[in-house]
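Input: a single structure, listed below in structure tokens.
The values are calculated or read from the model by the stated rules, or taken from the named source; none is laboratory data. Owing to the predicted nature of the structure, the values given are computational and were not obtained by experimental measurement. Cβ placement follows ideal geometry from the backbone for every residue including glycine, while neighbour counts extend to all protein chains displayed.
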């Protein structure tokens, strides 16, 4: 189980890979002191939700891997502070809808992988803020 202070003294960490574990829940403040984090990989866990404030202090984040979980909903403001983000992998989850404002601050985004979800409505309006998108 992860706690709020798991990475409290890791101010210089750039890569966190916790893939292929049995993580069910992530504390909202988990990444509060990881200011230099560039790559976060939580692939193949048992996550059902992502805290809205999880990425609030990781402005340097470039890649985010959340594939192969059981995530049903992505918080609309999850990516608000991730201005350098260029790769997001959300494949193989249970996501039904992509929030229209999710990508509003991700102008550098080149790759958005959302296949193998439960999308019921695909409104392309959310893509209008991603002029550099090359792969969907």
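Considering only residues that are modelled with pLDDT of 90 or more and surrounded by 14 or more Cβ atoms within 10 Å (Cβ to Cβ), look in the stretch 1-18 and name the one that is nearest to residue 90 (Cα to Cα).
Here the answer is 18.
Matching residues to (1) farther than 21 Å from residue 119 by Cβ; (2) buried (at least 20 other Cβ atoms within 10 Å of the Cβ):
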residue	(1), (2)
28	yes, no
80	yes, no
92	no, no
95	no, yes
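Can you say whether residue 117 is under 18 Å from residue 44 (Cα atoms) and either touching a residue at least 24 places away in the same chain (Cβ under 8 Å) or under 11 Å from the mean Cα position of the chain (by Cα) (or both), as far as the supplied structure shows?
Criteria met by residue 117.
May I ask you to verify whether residue 93 is in contact (Cβ under 8 Å) with a residue 24 or more places away in the chain and farther than 22 Å from residue 125 by Cα?
Taking the combined requirement at face value, the residue does not satisfy it.
Return the pair list, or none, for Cβ contacts closer than 6 Å from residues in the stretch 28-53 that are touching a residue at least 40 places away in the same chain (Cβ under 8 Å) and on the phi < 0 side of the Ramachandran plot to residues that are crowded, with 18+ Cβ neighbours inside 10 Å and not in a loop (DSSP other than H, G, I, E, B), at least 6 apart or on different chains.
43/65
Got a number for residues in the stretch 113-136 being touching a helix residue (DSSP H, G or I) at 6+ places or on another chain (Cβ under 8 Å) and either in a strand (DSSP E or B) or surrounded by 15 or more Cβ atoms within 10 Å (Cβ to Cβ) (or both)?
Result for the stretch 113-136: 1.
Per-residue answers, yes or no, for (1) farther than 21 Å from residue 36 by Cα; (2) at pLDDT 95 or above:
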residue: 83; (1), (2): no, no
residue: 87; (1), (2): no, yes
residue: 91; (1), (2): yes, yes
residue: 96; (1), (2): yes, no
residue: 100; (1), (2): yes, no
residue: 105; (1), (2): no, no
residue: 110; (1), (2): no, yes
residue: 115; (1), (2): yes, yes
residue: 122; (1), (2): yes, no
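With respect to residue 87, is the statement that it is within 18 Å of residue 15 (Cα to Cα) and surrounded by fewer than 19 Cβ atoms within 10 Å (Cβ to Cβ) true? Give the derivation first.
Numbers: within 18 Å of residue 15 (Cα to Cα): yes; surrounded by fewer than 19 Cβ atoms within 10 Å (Cβ to Cβ): yes.
Yes: the conditions hold for residue 87.
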